[in-house]
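Input: a single structure, listed below in structure tokens.
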Amino acid sequence: MRGKLYQHYLFWPLVVLGTLLLFNLIYSPDFFSIVVRQGNLYGSLIDILNFGAPLILVSIGMTLVIATGGIDLSVGSIVAISGAMACLSISKGTDQNSLLLVLGAVGASIVLSIILGVWNGVLVTVTRIQPIIATLILMVAGRGIAQLITSGQIITVSNSNYEYIGAGSLAALPFSIFIVAAVLLIASLLTRRTALGLFIESVGSNSNASRLAGLRSKTVILTVYIFCGLCAGIAGLILSSNVSSADGNNAGLWYELDAILAVVIGGTSLNGGRFYLMGTVVGALIIQTLTTTIYMIGVPPEITLVVKAFVVLAVCLIQSESFRKTLMTRWKKRNYPAEQEVTRHA
Amino acid sequence: MLVPILEMTGITKRFPGVKALSNVDFRLFPGEVHALMGENGAGKSTLIKVLTGVYSIDEGSVMIEDQSVSISGPLEAQKAGISTVYQEVNLCPNLTVAENIFIGREPLKFGKIQWKKMNKDADQLLRERLNLSIDVTLPLHAYSVAIQQLIAIARALSISAKVLILDEPTSSLDQNEVQQLFSIMRKLKSEGLAILFVTHFLDQVYEMSDRITVLRNGELEGEYLAAELPKIELVLKMIGKELKLLEELPKLSEESKSSVGNTMITASELGRKGAIKPFNLEIRKGEVVGLAGLLGSGRTEIARLLFGVDRPDEGKLVVAESGSTVKSPRQAIDQGIAFCSENRKTEGIIDDLTVRENIILALQATRGWSRPLSRKKQDEIADQYIKMLNINPPNPEHLIKNLSGGNQQKVLLARWLLTEPDLLILDEPTRGIDIGAKAEIQKLVLSLAKQGMSVLFISSEMEEVIRVSDRVAILRDRTKVKELGSGEINQQQIMQAMAGG
């Protein structure tokens, strides 16, 4: 089993991503070309990274939540709330050129996102509501909160400092990519260089046994919900800064579902336990590439969702080991589902 | 000459890197109880899984009633008349008893389930074949593990089995329940059913079985008539070496008795409603205290209170050294208490993690998330304990869920020994473990006590409790009824107290 490339957990997600990218070549031969304009890099690949940044962020947070056996449906709403909060603070400011104003607005959004994460975490750990229901509350209520903040309007801001977060460039690359890289790095370091990852996997795999082994399961779970809220908050900032406005209704709509999908494509099981941050990143990139592809090949808008659904279905089937096996060993009459389960982990 | 109802020849099964079975023959005659014996990892479970279609067969053939069959799944095994009741009950706890028995085969009328008929049939089945009268409309989890086991057997029987496989059916039953099960087995046997019986209890093997097949390291050691194979021979065949370990034990125990020190933990009038009536218990340093009692007598409940898993309603628990009490497992561990639960699967192992990760988990939890053990250190620890406890396969990167029950137990033991506790609570540490490993664990307990560790030893096997304990507390009906000091421990005393004489 060691050394076999196709058994690496990233193999199939990367194959899918590669296929999607190559597919684009048929429609746009210069898909891979990257040009330098005004000192910045431009190209479809850069776009995918740039526009995919919020989704990757949300998915990273979601990965850790799912690893504990939970789920966070409220991330889309937190994205909206965070953006609304930042835009509101900026629009109320007197000195639009002040860097302090933007920092204050960003700080307020992040604090609010953390509070929302705490809210989810407390509902799950203290009141012991099942995660899907606990976070559903904020998913629904969050849209209301976001609209409350924006008074039901779309708040538009024009502040070059704020725009930098989602639309600015650093070292010829979109700044949002650096934010994602930083969060990913921090998340990887925290989970793999400290024992946090082990604790998360342990709690997600068997929370009862983890408690008996002396783990503070509740603290671990609370932490991941807070982290997830934080990630969604940062994603909200990027999104709203990119368009210089906050839309309580539509910002981050269906992000929770895309994020869950990205996590699953990346190889993390919804049952909790082992998680794969890099897998999630590839998963999110697949989803973003798919969206880009659909626009690029000119699928009529009314059926884009159907096309997306079919591709996602195909991706999931390709990823499923048992499906691949059935496909490849059809001539073999017997199959042993239980055994595959065993040998896969052996 | 009888014709075997089931004949397996030359069965070979390979897993990546391991040959789990090689060229094993096995046969089963109608109307007999056939015991399958072997140490942990000898291939018993694999053989059963091959027979029930969970695993495929790499080489060899299976004949049922002289017909060659290929069993490719649990469903086909059932169709061929092979039913299995596993060690851990494989039913749905939140469905009713009747639903569990008839799941997938509900009596239908115009596509609608006939609930009345189903409940009536279930009730009748349990009453007639198992002498069990219970409310079949209650959810399964309302009943004890023992009853659940019987329900699992009832389900197997109702699928008109020719061969019934009982994999460690008695490991979680108390003495009375075992006898109830045995009388049912005898009844079924007289009705011509062939029963394959897997157990670690030698007495039970000799009480029940007509024939014994011994496996060792995935190979067939031999097939014997139970009447012609003395117990000691059987043990030798299973482990393939002289069994001096068990004989050394009493001596060790004598030596350790002198070295009992100060009080380690005191429970005074500690109790919890519905779990255990208020009791007093004092454990001293370097002392092994045994808890004897039937299943459900409150043994585990005491352990859970001492470890802070459950909160007591009344009474006081004081750890001598710190003078404080224990409110959670975390606090318990911080005060040097370790608890090896009897429910390995739900309260012990972390399925998705490797052996190494499972071993270091408790120590790492104590150190906190910010002070991780380096990978090198982890590997050292894992290797050390794998060697010390003889964990098989000796690969720290193996996922623990793929280990056999006994080896999982050893990993859990390693997890707790690593925390260097002052008090080690062992709840049924030897359940489902073969005799060699059992002796190793008993020996380990005694040597730990000698080094000054206190041990609370809970076991259904009285001989084991007697062998290792300096003092024995006896429980009956959730009450502590008696305590026997070192001079007074003997089987009869304990029996009397347990039974209420």
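In the range B:57-79, how many residues are surrounded by 15 or more Cβ atoms within 10 Å (Cβ to Cβ), part of a loop (DSSP other than H, G, I, E, B) and touching a residue at least 24 places away in the same chain (Cβ under 8 Å)?
Going through the range B:57-79 one residue at a time, the tally reaches 2.
What is the one condition in (1) open to solvent by less than 10 Å² (accessible area, probe 1.4 Å); (2) modelled with pLDDT under 80; (3) of a type in the set (A, V, I, L, M, F, W, C); (4) over 26 Å from the mean Cα position of the chain (by Cα) that B:Leu249 does not satisfy?
So B:Leu249 meets the others, but not (4).
State whether the residues of the range A:324-331 include one that is open to solvent by 30 Å² or more (accessible area, probe 1.4 Å), modelled with pLDDT under 80, in a loop (DSSP other than H, G, I, E, B) and hydroxyl-bearing (Ser, Thr, Tyr).
Yes, because at least one residue in the range A:324-331 is open to solvent by 30 Å² or more (accessible area, probe 1.4 Å), modelled with pLDDT under 80, in a loop (DSSP other than H, G, I, E, B) and hydroxyl-bearing (Ser, Thr, Tyr).
For the range A:256-270, name all the residues that are in contact with a Gly (Cβ under 7 Å, 6 or more places away or on another chain), within 14 Å of chain B (Cβ to nearest Cβ) and more than 23 Å from A:Leu138 (Cβ to Cβ).
A:Gly267
With respect to the numbered conditions (1) over 19 Å from A:Ile149 (Cβ atoms); (2) in a helix (DSSP H, G or I), which one is the sole condition not fulfilled by A:Ala232?
Evaluating A:Ala232 over (1) over 19 Å from A:Ile149 (Cβ atoms); (2) in a helix (DSSP H, G or I) leaves (1) as the failure.
Would you please name the residue that is modelled with the lowest pLDDT, looking only at residues in the range B:286-330 that are under 19 Å from B:Ala473 (Cβ atoms) and of a type in the set (S, T, N, Q)?
Going through the qualifying residues, I end up with B:Ser297.
Are there any pairs, at least 6 apart or on different chains, whose C-beta atoms fall under 7 Å, with the first in the range B:88-111 and of a type in the set (Ser, Thr, Tyr) and the second assigned to a strand (DSSP E or B) and surrounded by fewer than 19 Cβ atoms within 10 Å (Cβ to Cβ), and if so, which?
B:Thr96/B:Pro139
Condition test on B:Glu233, is it open to solvent by 20 Å² or more (accessible area, probe 1.4 Å), modelled with pLDDT under 80, of a type in the set (Asp, Glu) and in contact with a helix residue (DSSP H, G or I) (Cβ under 9 Å, 6 or more places away or on another chain)?
No; evaluated as a whole, the condition is false for this residue.
Taking the range A:148-162 on its own, how many of its residues are open to solvent by less than 70 Å² (accessible area, probe 1.4 Å) and either farther than 14 Å from A:Ser245 by Cβ or out of contact with any Leu (no Cβ under 8 Å at 6 or more places or on another chain) (or both)?
Residues meeting the conditions: 4.
When the range A:58-93 is examined, which residues are found to be open to solvent by 10 Å² or more (accessible area, probe 1.4 Å) and touching a Leu at 6+ places or on another chain (Cβ under 8 Å)?
Once the filter is applied, which keeps residues that are open to solvent by 10 Å² or more (accessible area, probe 1.4 Å) and touching a Leu at 6+ places or on another chain (Cβ under 8 Å), the range A:58-93 yields A:Ile71, A:Leu73, A:Met85, A:Ser89, A:Gly93.
Give the residues of the range B:184-222 that are within 21 Å of the chain's Cα centre (by Cα) and open to solvent by 50 Å² or more (accessible area, probe 1.4 Å), sorted by residue number.
Correct list: B:Asp203, B:Tyr206, B:Glu207, B:Arg216, B:Asn217.
Go through (1) within 17 Å of B:Ser268 (Cβ to Cβ); (2) more than 13 Å from every other protein chain (Cβ to nearest Cβ) for B:Arg299 and report which single condition fails.
It is condition (1) that B:Arg299 fails.
Can you pull out the residues in the range B:309-335 that are surrounded by fewer than 23 Cβ atoms within 10 Å (Cβ to Cβ) and within 22 Å of B:Ser459 (Cα to Cα)?
B:Val309, B:Asp310 - these are the residues of the range B:309-335 that are surrounded by fewer than 23 Cβ atoms within 10 Å (Cβ to Cβ) and within 22 Å of B:Ser459 (Cα to Cα).
Name the residue that is farthest from the other protein chains (Cβ to nearest Cβ), counting only residues in the range B:46-87 that are hydroxyl-bearing (Ser, Thr, Tyr) and under 26 Å from B:Thr170 (Cβ atoms).
Applying the filter and picking the extreme gives B:Ser83.
Looking at the range B:5-21, can you tell me whether even one residue there is over 22 Å from B:Glu191 (Cβ atoms), more than 14 Å from chain A (Cβ to nearest Cβ) and open to solvent by 20 Å² or more (accessible area, probe 1.4 Å)?
yes
Just name the residue that is surrounded by the most Cβ atoms within 10 Å (Cβ to Cβ) out of those in the range A:184-204 that are touching a helix residue (DSSP H, G or I) at 6+ places or on another chain (Cβ under 9 Å) and not hydrophobic (A, V, I, L, M, F, W, C).
So the residue we want is A:Ser202.
I'd like the residue in the range A:234-244 that is modelled with pLDDT of 85 or more and either more than 14 Å from A:Leu184 (Cα to Cα) or among the basic types (Lys, Arg) (or both) and, out of all such residues, is surrounded by the fewest Cβ atoms within 10 Å (Cβ to Cβ).
Ranking the qualifying residues of the range A:234-244, first place goes to A:Val243.
If you check every pair at least six apart or on different chains, which have Cβ atoms under 8 Å apart with a residue in the range B:360-379 that is more than 7 Å from every other protein chain (Cβ to nearest Cβ) and closer than 23 Å to B:Ile337 by Cα first and a residue that is of a type in the set (D, E, K, R) and in a loop (DSSP other than H, G, I, E, B) second?
none
Would you call A:Thr289 farther than 21 Å from A:Leu190 by Cβ, at pLDDT below 85 and in a helix (DSSP H, G or I)?
Against the criterion (farther than 21 Å from A:Leu190 by Cβ, at pLDDT below 85 and in a helix (DSSP H, G or I)), A:Thr289 does not qualify.
Among residues belonging to the range B:325-349 that are polar (S, T, N, Q) and under 20 Å from B:Leu448 (Cβ atoms), point out the one that is farthest from the other protein chains (Cβ to nearest Cβ).
B:Gln335
Going by the structure shown, is A:Ala209 modelled with pLDDT of 85 or more and open to solvent by 30 Å² or more (accessible area, probe 1.4 Å)?
It is false that A:Ala209 is modelled with pLDDT of 85 or more and open to solvent by 30 Å² or more (accessible area, probe 1.4 Å).
Looking at the range A:51-77 only, could you name the residues that are of a type in the set (Val, Ile, Thr) and touching a Phe, Trp or Tyr at 6+ places or on another chain (Cβ under 9 Å)?
Across the range A:51-77, the qualifying residues are A:Val58, A:Ile60, A:Thr63, A:Val65, A:Ile66, A:Thr68, A:Val75.
List the helices (runs of 4 or more DSSP H) inside the range B:383-501, counting only whole elements, that have at least 1 residues being open to solvent by 30 Å² or more (accessible area, probe 1.4 Å), free of Cβ contacts under 8 Å to residues at least 24 places away in the same chain and of a type in the set (Gly, Ala, Ser).
Result: B:491-499.
B:Gly315 - would you say it is of a type outside the set (S, T, N, Q) and away from every other protein chain (no Cβ under 14 Å)?
Yes; evaluated as a whole, the condition is true for this residue.
For every residue, the table says whether it meets (1) in contact with a helix residue (DSSP H, G or I) (Cβ under 7 Å, 6 or more places away or on another chain); (2) not in a loop (DSSP other than H, G, I, E, B).
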| site | (1), (2) |
| --- | --- |
| A:Thr63 | yes, yes |
| A:Leu73 | yes, no |
| A:Gly83 | yes, yes |
| A:Leu103 | no, yes |
| A:Ser109 | yes, yes |
| A:Ile114 | yes, yes |
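The values are calculated or read from the model by the stated rules, or taken from the named source; none is laboratory data. These figures come from a predicted structure and were not determined experimentally. Reconstructed Cβ throughout: ideal geometry from the backbone, glycine too, with neighbour counts over all protein chains shown. Calculation scope for accessible area: heavy atoms of the full protein, side chains included, ligands and nucleic acids excluded. Shrake-Rupley method; radii C 1.70, N 1.55, O 1.52, S 1.80 Å.
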